[in-house]
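Notes for the one structure printed next.
The values are calculated or read from the model by the stated rules, or taken from the named source; none is laboratory data. Quantities reported herein were computed from a predicted structural model and do not represent experimental measurements. Glycine also receives a Cβ, built like all others from the backbone with ideal geometry; neighbour counts cover every protein chain displayed. Note: accessible area is taken over every heavy atom of the protein model, side chains too, but ligands, DNA and RNA are not part of it. Shrake-Rupley method; radii C 1.70, N 1.55, O 1.52, S 1.80 Å.
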Amino acid sequence: MPGSKSRSRSRSKSRSKSPATAAKAASPKRKSNSRSKSPKPASKTRKRSRSRSKSAKRSKRRRSASKKRSKSRKRSASKKRSKSKKRSASKKRSKSRRRRSKSKKRSKSKKRSASKKRSKSRKRSASKKRSRSKKRSASKKRSKSKKRSASKKRSKSGRRRSKSKKRSGSKKRSKSKKRSASKKRSKSRRRRSKSKKRSASKKRSKSRRRRSKTKKASKKRSKSKKRSGSKKRKSRSRRRKSQKRSKSGKRRSRSRRRRTGKVGAVMKMVAHAIAANGTKKGASPQAIRKYVAAHSKLTGGFLNFVVRRVIAAGVKNGMLTKSGSGFKLKKATKGKRRARKASKRGARRRKAPKKAGKKAKKTVKKAKKTKKAKKARKSRRRVRRASPKAARKSMRRASRRRHH
């Protein structure tokens, strides 16, 4: 029994340890048993440190595995949500399509029922007309047959009268009176029945005509209402479209004015930026953008757009010229400058009033006289310094000119 207990303990210890640790633990024991029985403390510390590092590594692996599992769970949950959303969207679309198809089917069924009702009403009216015509033809045939039978009876009675002349006249008269009275009664009855039938047929026809007229009038009113409604809608839509066009035109004109104003101001800034750079190659587009951004409120992509537009317009107009990677201001020729100055002077002279002309002439004459006097004084001083005789001669000449 004690031997079995020791064996079970050793087995449990060997199972708890990993194969690598068991191998490492087994190897130094054999050496110690072979060489010396006393264990070393350094080897034990190393084993402990190794076991700790292995446990730390295992804990790290477990943490990384748990993180990966959580990430995979989150991904699967997001995928399930997206799939559920797509399914709900597809269900909604299918429902909307079914509703549309149902509404279309209902409209088609309504149209079919309306067409069937119209066809039935037309068939009924046609059948009624046929029955009326048949009744009229039958009544005409009956009246004709009755007349024929009456004429036959009369001819028979005439024959009988000729045969029964021998009989007494009283009997003939009484019989003839009775016959005539019965005939009159039958005729009057027939007339009354015919008149009643005609009056009833006329009333029915009038009532039908009135109904048809009322139906037609109601249809015309509904059509007129629909037409008037459609006309009003069309007129409203046209007015709205015209108003939108006018508004869009005004907005475009305003935007064009703003753009033209901005372009002119930015063109001046571009010229100032090129002049401030002060190099022979001119200014690069980046330097121009910096200058414009510092001296205006434009920023971002709109600034780049405006600067590009302005540079392209300046190159087209001839104000700017491209030199390498930069841009320069184009120099104006001397003839053009002189022509501009002359045109400005002419404009100033035209603008000057006529009253100021006399005063201007007087001031010009005074300036000329002063210039001549200064020149004469200078010449005299030079002569005096040179020789006294020459000075006297020059003085005499000047006095003579003044007197003359």
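From Arg227, Arg192, Arg209, Arg221, which residue is closer than 29 Å to Ser145 by Cβ and part of a helix (DSSP H, G or I)?
Result: Arg192 is the single residue among Arg227, Arg192, Arg209, Arg221 that is closer than 29 Å to Ser145 by Cβ and part of a helix (DSSP H, G or I).
Within region 167-187, is there a residue that is over 44 Å from the mean Cα position of the chain (by Cα) and outside any helix (DSSP H, G or I)?
For region 167-187, residues over 44 Å from the mean Cα position of the chain (by Cα) and outside any helix (DSSP H, G or I): present.
Tell me the residue from Ser90, Ser78, Ser133, Ser72 that is of a type in the set (S, T, N, Q), closer than 30 Å to Lys196 by Cβ and either open to solvent by 60 Å² or more (accessible area, probe 1.4 Å) or at pLDDT 90 or above (or both), please.
Matching residue, one of Ser90, Ser78, Ser133, Ser72: Ser133.
Tell me which residues, restricted to region 286-317, are under 17 Å from Ile274 (Cα atoms) and outside any helix (DSSP H, G or I).
Listed by number, the list holds a single entry, Ser296.
Condition first: without any contact (Cβ under 8 Å) to a residue 40 or more places away in the chain and among the β-branched types (Val, Ile, Thr). Now tell me which residues in region 295-325 satisfy that.
Correct list: Thr299, Val315, Thr321.
So is Lys111 open to solvent by 60 Å² or more (accessible area, probe 1.4 Å), over 30 Å from Ser212 (Cβ atoms) and at pLDDT 80 or above or not?
no
Among the numbered criteria (1) open to solvent by 100 Å² or more (accessible area, probe 1.4 Å); (2) basic (Lys, Arg); (3) modelled with pLDDT under 80, which single criterion is violated by Arg380?
For Arg380, the failing item is (1).
Can you name the residue in region 291-325 that is under 37 Å from the mean Cα position of the chain (by Cα) and basic (Lys, Arg) and is also surrounded by the fewest Cβ atoms within 10 Å (Cβ to Cβ) among such residues?
The selected residue is Lys297.
Pairs needed: first member in region 218-243, of a type in the set (Asp, Glu); second member anywhere, open to solvent by less than 100 Å² (accessible area, probe 1.4 Å); C-beta distance under 9 Å; at least 6 residues apart or different chains.
That search, which allows pairs on different chains as well, returns nothing.
In region 148-166, how many residues are open to solvent by less than 100 Å² (accessible area, probe 1.4 Å) and not in a loop (DSSP other than H, G, I, E, B)?
Going through region 148-166 one residue at a time, the tally reaches 7.
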